[in-house]
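The numbers here are math on the coordinates, done by the rules we state, and not lab data. This one's a predicted model, so the numbers in the text were calculated from it and none came from an experiment. We place every Cβ from the backbone using ideal geometry, glycine too, and count neighbours over all the protein chains shown.
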Amino acid sequence: MSSIIRDLEKQGRRDFLRSFGTSMAGISLSGIFPGERVFGAAPASALVNPLAVRPAHFPTKAKACIYLYMYGGPSQMDLFDYKPELQKNDGKEVDMEIRRREIRKSKLLGTRRVFKQHGESGLWCSDALPNIAAHMDKLAVIKSLYMDSFAHGSANLQMNCGRILQGHPSLGAWVAHALGSSNPNLPGFVVMLDPRGGPIPGAANWASGYMPAAFQGTVLRSTGNPILNLSPRGQVTHEMQGDKIRTINAFNRAHLAARQSYSELSARIASYDLAYQLHTSAPEALDISAESLKTRQLYGLDLLKGDHALSIPPAHFGRQCLIARRLVERGVRFVQLYSGGGHQQQNWDAHNGVEENLKIHCPEIDRPIAGLLADLEQRGMLEETLVVWGGEFGRQPVWQGKNGGRDHNPKGFTYWLAGGGVKPGTSYGETDPLGHEAAVNRHHVRDLHATILHLMGLDHERVTYPYGGLDQKLTGVVPAEVIKGLLA
Amino acid sequence: MSRKRYKRACPGIALLFALGLNCVHAEDKFEITAEDRAYWAFQDLQQPNPAGIDAIIDAKLSEKGLVANPPASREQLIRRAYFDLLGLAPTYSQIREFAADKAPVAEAFARLIDRLLALPEYGERWGRHWLDVVRYAQTNGYERDDEKPNAWRYRDYVIAAFNSDKPYDRFILEQLAGDELTDGGDEGLIATGFYRLGVFDDEPDDKRAAEFDGLDDMLRTTSETFLGLTVGCARCHDHMFDPISQVDYYELASFFRNVRQYQKPQRGKEGAVLRKVKAGMALSVTEKGPKADDTHLLIRGDAGRPAQKVTPRLPGIFGHLQPDIVPTTVSTGRRLALAKWIADPANPLTARVMANRIWQYHFGRGIVATPNDFGKAGHPVSNAVLLDFLAQEFIRGGWSIKHMHRVVMNTRAYRRSSSPHAANGKIDPDNIHHWRGNLRRLEAETLRDRILQASGALNKKRGGSSFFPVLNGEVVAGASKPGRGWGWSRAEERNRRSIYAFVKRTMVYPFFEIFDYSNTEGSLGSRPETTVAPQALLLLNSELVSDNASLIARRALEKKDPVGEAFRLVLGRDPVSRERVTAETFLAEARQKHAVTAGQIRFRPDFPPSLFKDYHALLPAERFLQGPGAGWEFFKGKWTGGYEGIINAEVDWPPFALLQIATPGFRFSGKVRLEKNTARAMILLQARPRGQEFDGYALLLDADAGRVAVRHYSGGKFETLSERQAAIPRLQPLAFSVEFINGQIRVVVDDLEMLVGDSKPLDMGDGRFGVSAWGGPVIFDEVAIEDGNGRYPLIDIDYRLSRVSPPSGASVHLPGGWSAFGGKWTVRDNVIGVTKEKGPKLLWDAAGKLAGEVSFTAGLRVTDGDIAGLIMNVTDPKVGADNWNGYEVSLYLHEQKLVLGSHENNFITLASVPAPVTRGKWHQIRTQVAGDRVKVYLDGRDKPYIDFIVKKPLPPGLAGLRTWGAEVEYRNIKIESGGKTLIFTQAETPAADAAEPGGIVLAPDPDRHGRRALAQFCSLLLNLNEFLYVD
């Protein structure tokens, strides 16, 4: 067995049977499970279940995280970060760093949106997101984040994996690595994509990097075949698949008889049982037909597509938000939903017109996210679920192009958190008066990562993995801190 | 170690460091402690223990109170050796032969090892190990993830290096400094592709930092690969565990400082990464000139905060030696100096690190279990004496890796059985001390290769550009430009060994990824091994497994004992009687259950909602909607958009399939079933393809919206003729029928009936029956077409059993009995091919003139051009298009007809009928001549297409083949006369005895269920632990 996963050896052998990795629950085709008896007899030497449930470092409220990823970089000064100074100086020329060390004369671009304070907390939100605005009292909005890259590729990587360099595990993979999966029949880390395409640079955003592939995000499709190779090919019924697995396991048991000490052989037998169950459990988690009409409407499943050629109906993101709730209900640890795919105006990358961009994308997410927050709350799940909203960076307060576009801006941008362990109705940190650069209570995204891990009950210093001569961490070697101002 | 070759540079610095003084501008205090210096890995190699490997291991075993396992069986040994050295399985007969070898096992095994080491498959196996270590991939990663041009030349270089047993020290020199070697040549240039394999951000946030990221990639890969040292940590601060300071890091980095940065190859700028070699262009390095820019230590690794200047020098733990650097006219010579230090036998790490890698790939675990990290953060060495013995032996053997395989494999330790042992298991459960052999799982590539090997599909073609494995739609969907940078390879290419598969950083082939494939981002010393449910799903349900299982079943069915043969092909052994019982029980049940589905045809959409347009253009239409391979023609449907090169599927114009024959005025009936995730199904009527779209009528079953509609599609628009709200239940068969009566369409779906066109008659026209599905599969059952003459059931044809490889590389020799009159005729595997020319003929004259009733049957496939067919009653043949007399029966592809003609130096059409003929599909023509009556059958239909009385019958003559402006293949040529078969050129292809499945097969395969059941059983065997693990 590889040394790379040696830290796993130390943990979780007992929970061997209880995860997406190698699991057994419900119907057993192998006939010898549940298998504590079987496994109890085997020396634990090589027995590694990468997704066995592992305890959090400290007690926590949040059991799961839903990360609403606004791919492309949403515009903070048009949504949550109200900047009266910017409005006052709309159209004035200023010097502004547009790309790394590239300062250009640019014209300030005030928002065309109307900002209002909402709820008891009086948090600002623009009229671009009227439904989310009604939930401001639930959110902790941080307006003073910054990160290290002006380019999507490396920025997405840093936001998801902590580094601007490719090859590191993603946040969801770290959570799966640290906590395992509490549902035996579903993956620990699920990713759902926009139908217009994935984000730049694709699967690296939910990769497990140098950790085993078991931790990587499983892409679940809300329509069509939910998991790769889930269904048999050709005319094979579920019953026939069962016959086949039963026979495989019979052969494998005979093979195992003379090789009892090799626990990976037993693990593989168990993995076939799980594969059989996934065939029903995964579609069940995705099947929203049992949800009431009221619930469907809550998430905006009844809404029609906006009139822009590039927009899609809110039903798409709404369905994913609803499925995210169902997954979390069923014990999935980390769900990441992407709004926006492909390039430019197909996502939140508003180079070619920020108004146009908001018009395309805000309606696609507004009702779905508001519905998710309301639904989690009414089911008493919000306390146990951490909801994170944001993209890979923010946008510039100045004009780009002819159509009032905004360029990338990693120097200051907004995220919000809600749910388990989060201090509701909070506005934290500030950008400078023009909304360009984080100014008050500045935090690098590594602090956001540390905070998310903290809310999931994990000490970011202790979530490590040995690679390249170092115990690697999501937050890297530069010290990171939990953003206390966001915590309840 | 011998240090005389190196001069000490700036000895004072080492001293200052040793005293713990913060010399110059290093950020923190750094000292090399006595403990550091005494660390085992930095010591000179110990004199080898003359007793050898077994004695060293046995000593350890008795020290630990362990008992060595008995030897493995001969059957196990040969499997182990094949797996280790070739990554393939021995065949059944090879295993039997080895087991029956009378020589003592040690002797027989040694001979086997020699034989395997001489095979080219060895380099493909061990080259792949090396590619893990050097982070091999063929794209840059990041946003565009562009291809690194010709990266495969480096891969081929590595394979060739292993096959030719290139001494490892030379291997090091070539990869690190092949361009600086005076005798490096093309190989040396290609070898330096080593530097170019890493990730590269073509849109870096900070160009200044990006240069150092590139430098870091070269340095880390070099030090981990060759020295087992993880120096990467020292980029920002001194190494936390190992005696590598930040100064050391930048001094080492300065060896690579002058290498031109990777950049996108563009016309005029290619020199930075691509250099000319004899075979073309190769990924390679160049330097900026003989003098390098200054390198500075960077405070906290920040490119914007340079501190003191550094020069190329070895780390303090190696005494800060400064190798002799001799610049060439175009480069600094620094890399060559470094390479020579690494490849020096006196280097304490180099031989140990590689010997450990070799040991690891043989035993599944290294003597140092972290082969890239010999430092303190890595695993401790489990047997230092053994490691040093191997390292010394490696050097002594002239750095020969093949020598090391012999040294390692010809030991008792290697030949031990992998059986468990309770007492040993308590003391040493991980078998660190080698009391047994290790059970080992096939790696991703080995697994795939062995599946292809078992089915006989494995294509042994070696080297050259890579092939693209088939990706499912859902895999492609994850990319920001779905499918960009991926390609489409022909079936034979796709069956090459896994090492030849294209490696794209942002889209690793899921089969590989799920089975713990290499981490392409950085050097990987050993692969993690996980056991997860997606692996089971993949082996149960993937296309690769099910396709190959069908091929294995086909091979097995050629033998008298198919079950036994399946065991022999997949597992290399005979089944025992208990296993036979299990197998027969499974088959009997599966057969019965398959019988229920016998009449089913399944269509499954497999495309992402958005696609990059170039990839969309490359993908064959059969990929968009997957269904039966024969009898149907596939179309991509309408895709619109084009924003940023991305196009989107249109729900009202989905990919669809049309039956290959026209069916005017028919009635269709059957059952249709929508699967759980299927949103819509369409049944197309009187459809005529228009590009990738169609004109005609469509019955829409919209389960999502709960409606049934009949639409008329024409000229890129559609009109709804009738629509009714109706729940379409999923997961249950709905009876349907569609009928054309007097300009009206009568539709019945379940209990809903619609009559369309009652106000004005519809213009039906001609067309074909078709199908589409959206969101998920649609399954048809008991579908039949009825016309005045009868009822024809439509049955799924198992196309995997009727696939044929085209006759590329065909032999030019014609078999006896055939004479060519013009044209280039070739034969391979009993398939006769001819190139596109005007009127070439090939006549069968072995039996002379054929008298009496003659029947002439042949399968033919037109791959290019227009007219091809059979000729009979041929007399006076000569070279020249019109120089012959006889009958001709030909398919006309352009005009879609079947023509019977008579030729007497001039062609007269006797009969011409419309016929559904398709380029690239196998058709079958059967012609019977009896006196004045000529009957022509097509594609196995019972009713002749042509039944003609000739006024003036032609005299007896020869039979043969003739084409006109067409590239054609013929197979299964059968000539019968007077009830006797005179010739039957049975192609080595499946279904050779069945009718050519070109159109609808009206006679179902009598043992379809049996074949499907056996295919299921073969796929089951591919799932067994016995197949996945090697004892």
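Partners of A:Lys294 within straight-line reach, counting lysines whose Cα lies under 24 Å from its Cα and excluding those fewer than 8 residues away in the same chain: A:Lys138, A:Lys305, B:Lys676.
For segment B:679-768, the list of chymotrypsin sites (Phe, Trp or Tyr not before Pro) that fall in a loop by DSSP and count at most 16 other C-beta atoms within 10 angstrom is empty.
Pairs of alpha-carbon atoms within less than 8 angstrom and 6+ residues apart define the contacts here; what relative contact order does chain B have, in percent? Could the numbers behind the result be given before it?
Values: 2186 pairs, mean separation 106.3, N = 1031.
Relative contact order here is 10 percent.
So, in Å, what gap is there between the alpha-carbon centers of segment B:331-352 and segment B:206-283? Segment B:331-352 and segment B:206-283 have Cα centres separated by 16 Å. Inter-part distance, segment B:667-698 to segment B:725-762, computed on C-alpha centroids, equals 13 Å. Taking the number of Cβ atoms within 10 Å of each Cβ as an exposure proxy, the fewest-first ranking of B:Leu731, B:Leu538, B:Leu910 is B:Leu731, B:Leu910, B:Leu538.
Taking the Kirkwood radius as the inverse of the mean 1/r across Cα pairs, report the Rg/Rh of segment B:631-799.
Values: Rg = 15.4 Å, Rh = 16.3 Å.
Here the Rg-to-Rh quotient is 0.95.
Per residue of peptide B:1017-1028, the mean number of Cβ atoms on other chains within 10 Å of the residue Cβ is 5.
Charge dipole of segment B:161-252 (Cα centre as origin; +1 on each Lys and Arg Cβ, -1 on each Asp and Glu Cβ, all else neutral): 200 debye, rounded to the nearest 20. The residues neighbouring B:Gln138, those whose beta-carbon lies less than 12 Å from its own, together hold a net charge of +4 under the Lys/Arg +1, Asp/Glu -1 convention. Considering the protein assembly as shown at the alpha-carbon level, its Rg and Dmax are found to be 34.8, 115 Å. Counting alpha carbon pairs within less than 8 Å and at least 6 residues apart, what relative contact order, in whole percent, applies to segment B:804-989? RCO, segment B:804-989: 30 percent. Annotation for segment A:81-103 versus segment B:382-445: alpha-carbon center distance of 65 Å.
Given +1 at the Cβ of Lys and Arg, -1 at the Cβ of Asp and Glu and no other charges, the dipole of the protein assembly as shown around its Cα centre is 1940 debye to the nearest 20.
Expressed in units of 2.2 N^0.38 Å, where N is the residue count, the Cα radius of gyration of segment A:335-488 is 1.17. The count of lysine pairs in segment B:243-318 that are at least 8 places apart or cross chains, and whose C-alpha atoms lie under 18 Å apart, stands at 5.
When the helix-only estimate is applied to chain B (DSSP H runs of n ≥ 4, each -39,500 (n - 2.57), divided by the residue count), what is the mean residue ellipticity at 222 nm, nearest 500 deg cm²/dmol?
Details: 29 runs with 285 residues, N = 1031.
Helices in chain B give a 222 nm mean residue ellipticity of -8000 deg cm²/dmol.
Remark on chain B: hydrodynamic radius 33.1 angstrom, per the Kirkwood mean of 1/r across alpha carbon pairs.
Amide H to amide H, with H built 1.01 Å from N, B:Arg484 comes under 5 Å of B:Phe612, counting only residues 5 or more places away or on other chains. Computed 3J(HN,Hα) for segment A:326-333, one whole-Hz value per residue from the Karplus formula 6.51 cos²θ - 1.76 cosθ + 1.60 where θ = phi - 60°, is 5, 5, 4, 4, 8, x, 5, 7, glycine and proline marked x. Of all DSSP-defined beta bridges confined to the protein assembly as shown, some 90% are antiparallel rather than parallel.
Once the Cβ-Cβ distance between B:Ser73 and A:His238 is put in as r, and R0 is 30 Å, what FRET efficiency do you end up with, to the nearest 0.05? Kindly include the intermediate steps, with their values, before the conclusion.
On the way: r = 40 Å, r/R0 = 1.32.
With R0 = 30 Å, the Cβ-Cβ based efficiency is 0.15.
Name the shape class, rounded, prolate or oblate, that the alpha-carbon gyration tensor gives for segment B:693-757, where a ≥ b ≥ c are the square roots of its eigenvalues, rounded holds for a/c under 1.5, and otherwise prolate holds if a/b is larger than b/c and oblate otherwise.
Numbers: a/c = 2.03, a/b = 1.34, b/c = 1.51.
Note, shape of segment B:693-757 comes out oblate.
Counting only Cβ charges, +1 for Lys and Arg and -1 for Asp and Glu, the dipole size of segment B:804-989 around its Cα centre is about 140 debye.
A DSSP coil position with no more than 11 other Cβ atoms inside 10 Å describes the following trypsin sites (Lys or Arg not before Pro) in segment A:396-479: A:Lys402, A:Arg462.
In cubic angstrom, how much convex hull volume per residue do the alpha carbon atoms of segment B:842-975 span? Please list the in-between numbers first.
Numbers: hull volume 13.2 nm³, N = 134.
Spread over its residues, the Cα hull of segment B:842-975 gives 99 Å³ apiece.
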